[in-house]
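Below you'll find the structure, written out as structure tokens, and then a few comments.
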Amino acid sequence: MQKERLYLREEYIKKIENNGIVLSELIKFVLNKWKIILILCAVFFLGCVVITFLGEDKTEDVLPQEELGAQLTEIQQKKVNDIIIENEKINKDLEVLEEYEDTLAYMNIDAYKCHVNTLQYLINSEELGGEIYEAYRTYTISGLKEIIDDKLGGEFVNPSDLVIEIGNGSQVDNQAIFKDKKSYVLVIKVVAADADMNTKLTDVVRNALEEYHKRLNSVMGKHELILLSESSYVGNDEGTKQKQIELEEKIKEKKDYIINNENLLNEDEKMFLEQLKDKDNNNIKDEPVVSVKKQGKSIVWYVMALIICVILSCIIVACYYIFIFGNRLNDSEEIMTIFDLPYIGEVSKRNLEADVSELKDEIKSMCLESASGELFVSVMTNMGHIEDYFDKIKNELVQYKMKLLFGNNISEDFESMKTARRCKNMILIFEEGKTRYKSIDSVLQRCDNWGINIIGVINIKK
């Protein structure tokens, strides 16, 4: 029987490194990916050419002092120009925020006189209750809000901001009310400026959840979605108030930043800045302003060197982990040395029936030790017909009221996952040269998370 342990990926990687990662094998693996590397090098080379071309004649415009009354040095002019450029960027962000202030749905609501409607839904499932609840919760964050924007976006901007998933009743919180441990409560709050808008939003939410319930039934199994209660009130809403405060604070922060930037200038520089503002405001177009071209020191080579280092580091790290997780099982010894799994034995493709018969007593003994009515066999290879060779073992186990159930990789097949979680005991069948380390790693982590006991492993030889 497998002892209780926590499967740690760090230990697994360390064993892989100690077991077989040598520089020559890693280099050979990298060279086998020459097509990908060639494409990356070509893209990088083109990028360098573009950067070099754009960076060769880097210039900045300096307005001549003669055009304005204030006389500044070249350094002072550059300082003023830098602040103008930075403030222009901030002003663009500020314009977007001020547009939001005028158009966003929640900014046009009186936070002290909101129309609030709260819906409580019971989600009840015979199995996979937590997964189904998470599916609904994810839907309220993304899919539901998208539908709201599609349905009502023409009436006001970003209406989905008015619908909030504010919490849930977990299994523990509701044990006194719902004895079924797989029941959850989803709470959704709808906030609007008036009763009519609230009714429209609530109807869209209710209909969207009903449609999603029908789709989810066919994907994750039958379950109940029941509207427990629907309550409404008119009054203060802290969530809306907080959103409004946050947006107003962002606008104030941008304005303060612009003021602080200008306060960094001395009196002459401020006067120069004011003259530039007046020039823009009055649209003076008497004579074209001739800017002075100043050759700037290009930093393109520093940027290229940094990009080279980053790309090389990423390639090395990616190849290292692809090598670790992309490698395949080499022999039965790795089952015990790397993955620390209980080993039943190995069988050959050419003599499969006879080899399975030889392992019959060992498999039967391990199954009986598990003291489980059902035991799942996960076949992590494409040999789908392998179940036929276990008929003798299955017939003998029937006498002990035990049943062998066969399936595929539990990290890839949903039905196999459900069966394994029900059985709680599992035998794994690997194939040398075909089963990837990554697949084994994924299965072991799922077994550890779900409390599934691996009673043994059978290896199919090359």
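The values are calculated or read from the model by the stated rules, or taken from the named source; none is laboratory data. Quick caveat: nothing in here was measured; it's all calculated off a predicted structure. In this analysis, Cβ positions are derived from the backbone assuming ideal geometry, glycine residues included, and neighbour counts consider all displayed protein chains. Protein only, heavy atoms only, side chains kept; ligands, DNA and RNA dropped before computing areas. Shrake-Rupley method; radii C 1.70, N 1.55, O 1.52, S 1.80 Å.
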Open item on the list: I'd like the distance separating the alpha-carbon centroids of segment 94-121 and segment 396-462, in whole Å.
Closed with: 52 Å
Open item on the list: I'd like to check one number: the per residue accessible area of segment 373-460, probe 1.4 Å, reported in Å² as a whole number.
Closed with: 44 Å²
Task: Rounded to whole Å, sorted largest first: equivalent-ellipsoid semi-axes of segment 352-462, Cα gyration tensor - done: 20, 18, 11
Task: Two-site FRET efficiency, THR138 against SER232, from Cβ-Cβ distance with R₀ of 22 Å, rounded to 0.05 - done: 0.25
TODO: Once you've got the Cα coordinates, tell me which of LYS78/LYS277; LYS254/LYS279; LYS214/LYS403; LYS151/LYS255; LYS79/LYS252; LYS403/LYS434 are over 26 Å apart.
DONE: LYS214/LYS403; LYS151/LYS255; LYS403/LYS434
Task: Pairwise label distance in nanometres, ASN453 with ILE37, each label 7 Å out on the Cα-Cβ vector - done: 4.8 nm
Task: Placed amide H near THR381: partners under 5 Å, 5+ positions off or other chain - done: none
Open item on the list: Full-extension gain between GLU101 and MET336, please, as 0.36 nm times their residue separation minus the C-alpha to C-alpha distance.
Closed with: 78.3 nm
TODO: Putting +1 on Lys and Arg Cβ atoms and -1 on Asp and Glu Cβ atoms, find which of ASN382, PHE414, GLN399 reaches farthest to the positive end of the dipole of segment 376-418.
DONE: GLN399
Task: Extension gain, ILE258 back to GLU210 (0.36 nm per residue minus Cα-Cα distance, nm) - done: 12.3 nm
TODO: State the percent of C-alpha pairs, over all pairs in segment 221-285, separated by a distance greater than 16 angstrom.
DONE: 73 percent
Open item on the list: Using the crude model of +1 on Lys and Arg Cβ and -1 on Asp and Glu Cβ, and no other charge, please compute the dipole size for segment 324-462 relative to its Cα centre, in debye to 20.
Closed with: 400 debye
TODO: Mind giving me the FRET efficiency for ASP361 and PHE45? R0 is 51 Å, r the Cβ-Cβ distance, nearest 0.05 is fine.
DONE: 0.20
Open item on the list: Could you sort the peptides 346-353, 435-442 by per-residue average Cβ neighbour count (10 Å cutoff), highest mean leading?
Closed with: 435-442, 346-353
- [ ] Rounded to whole Hz and in sequence order, give me ³J(HN,Hα) for segment 99-108 from the Karplus expression 6.51 cos²θ - 1.76 cosθ + 1.60, θ = phi - 60°, writing x for Gly and Pro.
- [x] 5, 4, 4, 7, 10, 4, 4, 6, 7, 9
Open item on the list: Could you check the spin-label model distance between VAL398 and LEU352? Points 7 Å from the Cα along Cα→Cβ, value in nm.
Closed with: 2.2 nm
- [ ] Determine the gain in length on full extension of the stretch GLU74-ILE315; use 0.36 nm per residue of separation and subtract their C-alpha separation, reporting nm with one decimal.
- [x] 82.3 nm
